[in-house]
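One structure is given below, encoded as structure tokens.
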Amino acid sequence: MKTIKQNGFTLLELMIVLAIAGITLSIAIPSMNGFVQNDRITSFRNALHVDLMVGRSKAVETNQAVVVCASKNQTSCGGTYQDGWIVAIDLDNNGTVDATDTLVKVQASIPGDIKFTDGAMNSIVFDARGFSPNSNDGAISVCDSRGDSHAKTLSISRTGRVSNGAAPSC
């Protein structure tokens, strides 16, 4: 009589593997939530960083002042960075964005619990040399509901240099 070798899993083996996988996922998923939150903060900080650098380089390129400011309606300055922001060439050199100025870039409002604290830097002007004399070596922090411990910060110097760093304040 021939014996037939069977390949496969028993029901008991399958249940043990599923139990181990369930325990592992229950540990990993909460950690993934923190990763996603950190990634969102970093993404929005980087988006603002890029737009500040676009503003600075556009100021030097066009030999005109460029304004980067918080904007509720994406056509003029006003509001907070959570509402979005705009980058515009300041053709009339008045330090704000109005109908005579040329929009370069627009960022829509930020969804979720992300907030920006700007220390009264809701409008940053880069002059034709790329300097930002009105910034007074300020900083803009990007935060969420977890507060300072997970916040990210952008520093803007008077020379127009934008860098990551500084102590966050949410």
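The values are calculated or read from the model by the stated rules, or taken from the named source; none is laboratory data. If you're wondering where the values come from, they're calculated on a predicted model, not measured in any experiment. FYI the Cβ positions are ideal-geometry reconstructions off the backbone, even for glycines, and counts take in every protein chain you see. SASA here: full protein model, heavy atoms, side chains in, ligands and nucleic acids out. Shrake-Rupley method; radii C 1.70, N 1.55, O 1.52, S 1.80 Å.
Looking at R56, is it out of contact with any Cys (no Cβ under 8 Å at 6 or more places or on another chain), of a type in the set (D, E, K, R), open to solvent by 60 Å² or more (accessible area, probe 1.4 Å) and over 25 Å from D144 (Cα atoms)? Outline the logic, then answer.
Working: out of contact with any Cys (no Cβ under 8 Å at 6 or more places or on another chain): yes; of a type in the set (D, E, K, R): yes; open to solvent by 60 Å² or more (accessible area, probe 1.4 Å): yes; over 25 Å from D144 (Cα atoms): yes.
For R56, the condition - out of contact with any Cys (no Cβ under 8 Å at 6 or more places or on another chain), of a type in the set (D, E, K, R), open to solvent by 60 Å² or more (accessible area, probe 1.4 Å) and over 25 Å from D144 (Cα atoms) - is met.
Residue under question is N93, and the condition is that it be open to solvent by 50 Å² or more (accessible area, probe 1.4 Å) and closer than 17 Å to A166 by Cα; does it hold?
no
For the range 105-134, which residues satisfy the criterion of being on the phi < 0 side of the Ramachandran plot and open to solvent by 50 Å² or more (accessible area, probe 1.4 Å)? Quick ask: steps written out before the conclusion?
Within the range 105-134, the subset on the phi < 0 side of the Ramachandran plot is 105-111, 113-118, 121-129, 131-134.
Selection gives K105, V106, A108, S109, P111, D113, K115, N122, R129, F131, P133, N134.
Go through the range 1-17 and give me each residue that's part of a helix (DSSP H, G or I) and exposed (fewer than 10 other Cβ atoms within 10 Å of the Cβ).
As a first pass, look at the range 1-17 and keep what is part of a helix (DSSP H, G or I): 11-17.
The answer is L11, L12.
For the condition open to solvent by 50 Å² or more (accessible area, probe 1.4 Å), in contact with a Lys or Arg (Cβ under 9 Å, 6 or more places away or on another chain) and assigned to a helix (DSSP H, G or I), what is the one hit in N33, N38?
N38
Restrict the check to the range 147-157 and report whether at least one residue is in contact with a strand residue (DSSP E or B) (Cβ under 7 Å, 6 or more places away or on another chain) and open to solvent by 40 Å² or more (accessible area, probe 1.4 Å).
Of the range 147-157, the ones in contact with a strand residue (DSSP E or B) (Cβ under 7 Å, 6 or more places away or on another chain) are 151-156.
Add one more test, that the residue is open to solvent by 40 Å² or more (accessible area, probe 1.4 Å), and what stays is 152.
Yes, the conditions are met somewhere in the range 147-157.
Could you pull out every one of the strands (runs of 3 or more DSSP E) wholly within the range 78-170 that has 2 or more residues that are touching a Lys or Arg at 6+ places or on another chain (Cβ under 8 Å) and in contact (Cβ under 8 Å) with a residue 40 or more places away in the chain?
138-143, 152-156, 162-164
Answer yes or no as to whether V68 is open to solvent by 70 Å² or more (accessible area, probe 1.4 Å) and closer than 30 Å to S145 by Cβ. Give the steps one after another, and end with the answer.
On the way: open to solvent by 70 Å² or more (accessible area, probe 1.4 Å): no; closer than 30 Å to S145 by Cβ: yes.
So V68 fails the test.
Scan the range 18-30 for residues that are open to solvent by 100 Å² or more (accessible area, probe 1.4 Å) and of a type in the set (S, T, N, Q) and report the count.
So the answer is 0.
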